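Inspection log for the structure reproduced underneath, given as structure tokens.
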Amino acid sequence: MRWPSHRQVRRAACAVALAGVVALSACSKKEVAAPAPRPVVAVAVHADGQAMPAASLPGEVQARYATPLSFRVSGKIIERRVRLGDVVKSGQIVALLDPADAQKSAASAQAQLEAAQHGLLYAKQQLDRDQAQAKENLIAPAQLEQSTNAYASALARRDQAAQQAALSKNQLQYTTLVAGHAGVITAEQADTGQNVSAGQPVYNLAWSGDTDVLCDVPESALAAFAVGQPASVTLAALPGRRFTARVRELSPTADPQSRTWRARLTLNEPGPDVRLGMTADVTSGAAWSSNGAANQNAAFILPVTALFHEGRQPAVWVVRAADDTLELRRVTVTRYNERTIVIGAGLKDGERVVLQGVHTASAGEKVRAIAPLHPEDFAS
């Protein structure tokens, strides 16, 4: 038997070593290291201990009708008889203009009317004489025609002067500003001694009578605020009291900036304690039961930075406790505040919600929840 030479043994050993290196490199290519979980700012949410009425929206008490009071002629204000907050009656004088020019104009127009009336009387007498003489054939037909024409011209001048006198009299009356309706003065926009033009507002008058509550309705609560729907209103200034209202008007289009619809609700029995400008909380009729009790839900208060959308529905990103992956959860927003939102449904107590960077998250992404740097910024 012939044994392999020393050179052949070395060649076989090198071949085996090379095959081992190739095999190891192939295995290393197949085993790709998993990416590290991305850190996200998330906190565990808890109910605030209060029950929030569903579809509660902030609003403001306003008069149903509010109009500016202005003079119909230009001039200088010589007197103001009411001030901000005063209650006025229909027909009450609230301000006066300097009437000197208007009085002179009215006197001139009256003088022209009297002159036109005298001219008409003379033309009538002349016409009567010419008609009597024409019957006796004492004057030519042309003279009767001239008298008839002169009478017609005098009559037209008298009518014109009468209209001018009436116009001047009206303009004299327009120097007195009168409240056309009973109400309260909510604004002063001109002062005594100021020269104002015709139509320039002097006061703003909120009419007495129907009282409205204005609120901006988001898209998620739009269906509950249809025209004619009942609603419940509470006022911060009158705790413990609840008022009934009805949706009177709903804007047909959304505001281009806030993407909300302006709704006007008329209070059924406001009472004297309800003052203009009070802040209100409006609860939609769809969330208000027939016995007057609101449907109560646990409230989770989150910063607006946590709000995301799935299509047209509001949603938030929830970090699953089982595998620390992200889940997009649809929620019901019952209230929009200046910096926070109130979640009425869709979350459970203790779940972790992403507070920042919601537009860069993706469903199923592996994350690592970290606490916010400044927790007080996210306090309810």
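The values are calculated or read from the model by the stated rules, or taken from the named source; none is laboratory data. Note that the structure is a prediction, hence the values are computed from the model and not measured. Note that each Cβ is placed from the backbone with ideal geometry, even for glycine, and that neighbours are counted across all protein chains shown.
Quick notes on this structure:
- Criterion (farther than 19 Å from Ala223 by Cα, outside the structural domain of Asp216 (by TED's automatic domain parsing), hydrophobic (A, V, I, L, M, F, W, C) and touching an Asp or Glu at 6+ places or on another chain (Cβ under 8 Å)) met by exactly one of Leu326, Leu347, Leu302, Leu307: Leu326
- Residue that is nearest to Pro39 (Cα to Cα), among those in the range 328-337 that are buried (at least 16 other Cβ atoms within 10 Å of the Cβ) and among the charged types (D, E, K, R): Arg329
- Members of the range 189-205 that are in a strand (DSSP E or B) and over 11 Å from Pro68 (Cβ atoms): Asn195, Val196
- Which numbered condition Gly193 fails, given (1) surrounded by 13 or more Cβ atoms within 10 Å (Cβ to Cβ); (2) under 22 Å from Arg83 (Cβ atoms); (3) out of contact with any Gly (no Cβ under 9 Å at 6 or more places or on another chain): (1)
- In the range 153-184, residue farthest from Pro201 (Cα to Cα) [restricted to those that are among the polar types (S, T, N, Q) and free of Cβ contacts under 8 Å to residues at least 60 places away in the same chain]: Ser153
- The number of residues in the range 81-130 being assigned by TED's automatic domain parsing to the domain that holds Thr186, more than 23 Å from Gln173 (Cα to Cα) and surrounded by 12 or more Cβ atoms within 10 Å (Cβ to Cβ) comes to 1.
- Here the range 199-245 is the region considered, the condition is being free of Cβ contacts under 8 Å to residues at least 40 places away in the same chain and within 17 Å of Ala263 (Cα to Cα), and the residue that is nearest to the chain's Cα centre (by Cα) is Leu222.
- For Ala299, the stated conditions do not hold, so it cannot be described as within 29 Å of Leu238 (Cα to Cα), surrounded by fewer than 14 Cβ atoms within 10 Å (Cβ to Cβ), modelled with pLDDT under 85 and aliphatic (A, V, I, L, M).
- Neighbours by Cβ (under 6 Å, 6+ apart or cross-chain): first from the range 317-337, without any contact (Cβ under 8 Å) to a residue 12 or more places away in the chain; second in a strand (DSSP E or B) and of a type outside the set (Ser, Thr, Tyr): Arg320/Glu327
- Selection of first residues in the range 125-146 that are modelled with pLDDT of 90 or more and of second residues that are surrounded by 11 or more Cβ atoms within 10 Å (Cβ to Cβ) and outside any helix (DSSP H, G or I), restricted to Cβ pairs under 7 Å at least 6 apart or on distinct chains, gives the following pairs, ordered by first then second residue: Asp130/Ile139; Gln133/Ile139.
- Scanning the range 190-236 for residues that are at pLDDT 90 or above and either in contact with a His (Cβ under 9 Å, 6 or more places away or on another chain) or among the aromatic types (Phe, Trp, Tyr) (or both), we see that the one that is farthest from Gly311 (Cα to Cα) is Tyr203.
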